[in-house]
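As structure tokens, the structure follows; a few thoughts come after it.
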Amino acid sequence: MNNLNLVRGVFLVAISLAFGLTSFGYKIGDFSRAGPGLFPAVVSGLLFLIGIASVIKARYVKPVPIDYNFRNIVIIIVSLAGFAFISEHINMLVGIFFLAFSASYAGRNNSLKRNIKIGIGLSLVACGFKFLLHLNLPLI
Amino acid sequence: MDIFQNLALGFEHALTIQNLMYCAIGCVVGTLIGLLPGLGPLSTISLLLPITYSIPTDGSLIMLAGIYYGAQYGDSVSAITMKIPHAASIVACIDGYQMTLKGKTGLALFTAGISSFIGGTIAIVVLATLSPALGEVGLLFGPADYCALMLFGFFCVSFVTTGSILNGLAMTLIGVLLGLIGTDVNSGQMRFTMNLPFLMDGVGLISIALGCFGIAEIVKNLDEHTELTPFNGEIKLMPTWPEFKRIIPSALRGSVIGSFMGILPGGGPVLAQFAAYAAEKRFSKYKDEIGYGAIEGVAGQAAADEAAARTSFIPLMAIGIPENAVMALMMAAFIVKGVQPGPNMIATHPDLFWGLVASMWIGNVFLVILNVPLVRYWLSVFKIPFSVLFPSILFFCCVGTFSINNSLDDVYITATFGLIGYIFMRLGLEAAPLMLGFILGPMLEEYFRRALLLSRGNFGTFFTRPISGTLLALLGVFIAWQLIAFFLESRKSAIA
């Protein structure tokens, strides 16, 4: 399955089915009085055809392996989501520290001390935004 | 004479202290961010879009335009000095970097700066002359014609942006579908919201732009472990008179090519630079030196790059069709500010339109007087390690996204699109056509439904109207050509 063209085709088909099948749950109407489901159904249908064409094409071209490394994207997404979660449940200042501290682990030359420094530095910048520039940030 | 009067109105508007300040800030900030590795104009605008929210409409658009051409200039600086290009400055790497290796960094940067100025100035004349005329043509368009025009634009841009029409088109369609998330304006039906209240108004444009471009780009740089060596060389900026004389003809040729390429759908700075470089290799008096650090190799492409960046505003402001991803983001900024680009823009917002045109020229002057002498200081940005820089960029992304609606839900959406953008990137699907589809999708649906409502469901309306009929015929030829190429390529691969 480690074939870029095939995975791309399957991915496109999956997206088209997700939107297409949902759009059939809305009123379709007819062309003279289109319902909310008609246009997304047409667009999903076109995307489905392209997905199928990509899958078929993948059978005829030389397989290309997918180059991926989920470590960094996972760290960044967890940092962003963590920022939102902590800001919601504790406060934004802690959220910003968490964001800077945890995201720094995606960098190549990171150390606990340096990550803490970046976290504190950006928290101070946020305080500057709030108290000097009067930006509406619920820091505390 | 109208043009002069209009330009005078524009300068009157752009030369207020406030707008001058926004223009200068845009140029400087754009240059600084544009210098960073992997961050071209597209990522720069998407990252800085939220900071323009609290600024008045004219100021924010002038600032964004400043960010755009500032980022382009910054991009060429990193390409010339360190051979770190982005899409907007690929060609600058060739002769520009060769000049750096020969110890002529200052001359290369001066050439790029002054050529950009010449290119930008000529393009502004083209912009001021052609936009109103095209705007009048735009008024002849009915719903069916707009629908056909958008379809045509989708196909052209999908093709040019990615090289593979299937992938580009697929991304455009995904963008259209994402654009439909939220409440249907005709029926009030919630579509694809998964019963999440914060999706009722749709997905935020900024969240998609930051996620798919900004965050995906940062992670790409982290994955590639790009190591940079700070530039510490001496810089001598001013050229000798014989060197200066070599800049002018190349810059003029590049300006003409760039102005023309910028107007074409799917054109824009990237193609313009290549075309100008090819022209220099063919027509320059010093064509044998090109490729080995010739002034002409930098001057022509820099002028074309800047000229195309300016004239690519023409399709956006005159007929409301963004011709590339950067213009799609600019269009987003216009819409967020309550200005609908299109045939009526010049009539309804003349001060804004002409102010923006005038500010482009002022931005050019700023780039020359601020950036050329200050370039040695700009280069110190490279001394900040990327591992320190990227958490700061993420911080600005989060604060920017939050401050749009004071909502943390937008941060979650941005994070989600960061992941989706990364998957797209790894699957070789470019996010640029997605952005185009996202912006034009809801309009396409509106015009599509309106055209069919007026014709009582008769699809003939798309073919019988002269404008839409012609556009669809061109589209048919284009698709047939692509299909033939696709089958030939598949057959060739199968045989191999």
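Numbers below:
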| item | result |
| --- | --- |
| Test: residue in the range B:169-184 that is in a helix (DSSP H, G or I), at pLDDT 85 or above and surrounded by fewer than 16 Cβ atoms within 10 Å (Cβ to Cβ) | no |
| Pick from the range A:59-75, criterion among the aliphatic types (A, V, I, L, M) and closer than 19 Å to B:Phe390 by Cβ, ranking: nearest to the other protein chains (Cβ to nearest Cβ) | A:Ile73 |
| Helices (runs of 4 or more DSSP H) within the range B:1-82 that include 3 or more residues at pLDDT 80 or above | B:2-14, B:17-35, B:57-82 |
| Every pair of residues 6+ apart whose Cβ atoms lie under 7 Å, when the first sits in the range A:29-50 and is under 15 Å from B:Phe192 (Cα atoms) and at the interface with chain B (Cβ under 8 Å from one of its Cβ atoms) while the second is assigned to a helix (DSSP H, G or I) and among the charged types (D, E, K, R) | A:Phe39/B:Glu445; A:Phe39/B:Arg449 |
| Matching residues, the range B:360-384, being closer than 30 Å to A:Asn136 by Cα and either within 14 Å of chain A (Cβ to nearest Cβ) or modelled with pLDDT of 80 or more (or both) | B:Ile384 |
| Residue match in the range B:436-453 (condition: over 30 Å from B:Ala216 (Cβ atoms) and modelled with pLDDT under 85) | no |
| Odd one out for A:Ser23 among (1) facing another protein chain (nearest Cβ under 7 Å); (2) in contact with a Lys or Arg (Cβ under 9 Å, 6 or more places away or on another chain); (3) among the polar types (S, T, N, Q); (4) surrounded by 17 or more Cβ atoms within 10 Å (Cβ to Cβ) | (1) |
| 1 or more residues within 10 Å of chain A (Cβ to nearest Cβ) and in contact (Cβ under 8 Å) with a residue 60 or more places away in the chain: qualifying helices (runs of 4 or more DSSP H) within the range B:407-496 | B:409-426, B:432-454, B:466-495 |
| For B:Ser403: the one exception among (1) over 20 Å from the mean Cα position of the chain (by Cα); (2) modelled with pLDDT of 80 or more; (3) part of a helix (DSSP H, G or I); (4) closer than 19 Å to B:Thr52 by Cα | (2) |
| Which listed residue, of A:Asn136, A:Asn115, is without any contact (Cβ under 8 Å) to a residue 24 or more places away in the chain, assigned by TED's automatic domain parsing to the domain that holds A:Ile77 and polar (S, T, N, Q) | A:Asn115 |
| Evaluation of B:Ser60 against (1) under 20 Å from B:Val399 (Cβ atoms); (2) surrounded by 22 or more Cβ atoms within 10 Å (Cβ to Cβ) (one fails), failing number | (2) |
| Filter result (assigned to a loop (DSSP other than H, G, I, E, B) and either touching an Asp or Glu at 6+ places or on another chain (Cβ under 7 Å) or within 19 Å of B:Asp409 (Cα to Cα) (or both)) within the range A:53-72 | A:Asn69 |
| Evaluation of A:Ile75 against (1) of a type in the set (Val, Ile, Thr); (2) at pLDDT 90 or above; (3) not in a helix (DSSP H, G or I) (one fails), failing number | (3) |
| Answer from A:Leu47, A:Leu80 - the residue that is at pLDDT 90 or above, touching a Ser or Thr at 6+ places or on another chain (Cβ under 7 Å) and over 30 Å from B:Glu445 (Cα atoms) | A:Leu80 |
| Any chance B:Leu316 is without any contact (Cβ under 8 Å) to a residue 60 or more places away in the chain and buried (at least 22 other Cβ atoms within 10 Å of the Cβ) | yes |
| Enumerated helices (runs of 4 or more DSSP H) restricted to the range B:279-382, each holding at least 3 residues that are within 19 Å of B:Gly258 (Cβ to Cβ) | B:295-311, B:313-319, B:325-336, B:350-366 |
| Residue check for A:Asn110: surrounded by fewer than 19 Cβ atoms within 10 Å (Cβ to Cβ) and touching a Ser or Thr at 6+ places or on another chain (Cβ under 7 Å) | yes |
| Residue pairs meeting the criteria (Cβ under 7 Å; at least 6 apart or on separate chains; first under 25 Å from B:Glu224 (Cα atoms), in the range A:57-76; second assigned to a loop (DSSP other than H, G, I, E, B)) | A:Pro63/A:Asn3; A:Val64/A:Asn3; A:Pro65/A:Asn2; A:Ile66/A:Asn2 |
| Number of the exception - B:Gly204 against (1) over 21 Å from the mean Cα position of the chain (by Cα); (2) under 16 Å from B:Pro442 (Cβ atoms); (3) more than 13 Å from chain A (Cβ to nearest Cβ) | (1) |
| Selection from the range A:76-120 of residues that are hydroxyl-bearing (Ser, Thr, Tyr) and either at the interface with another protein chain (Cβ under 9 Å from one of its Cβ atoms) or within 18 Å of the chain's Cα centre (by Cα) (or both) | A:Ser79, A:Ser87, A:Ser102, A:Ser104 |
| Tally, over the range B:283-299, of residues that are surrounded by 14 or more Cβ atoms within 10 Å (Cβ to Cβ) and either free of Cβ contacts under 8 Å to residues at least 24 places away in the same chain or touching a strand residue (DSSP E or B) at 6+ places or on another chain (Cβ under 6 Å) (or both) | 2 |
| Unique match (being among the small types (Gly, Ala, Ser) and either more than 21 Å from B:Ser403 (Cα to Cα) or surrounded by fewer than 16 Cβ atoms within 10 Å (Cβ to Cβ) (or both)) among A:Ser123, A:Ser104 | A:Ser104 |
| Selected residue (criterion: surrounded by the fewest Cβ atoms within 10 Å (Cβ to Cβ)) from residues of the range A:126-137 that are in a loop (DSSP other than H, G, I, E, B) and either within 8 Å of chain B (Cβ to nearest Cβ) or charged (D, E, K, R) (or both) | A:Asn136 |
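The values are calculated or read from the model by the stated rules, or taken from the named source; none is laboratory data. In this text, all values refer to a predicted model and were calculated from it rather than measured experimentally. Every residue, glycine among them, receives a Cβ derived from its backbone with ideal geometry; neighbour counts consider all protein chains shown.
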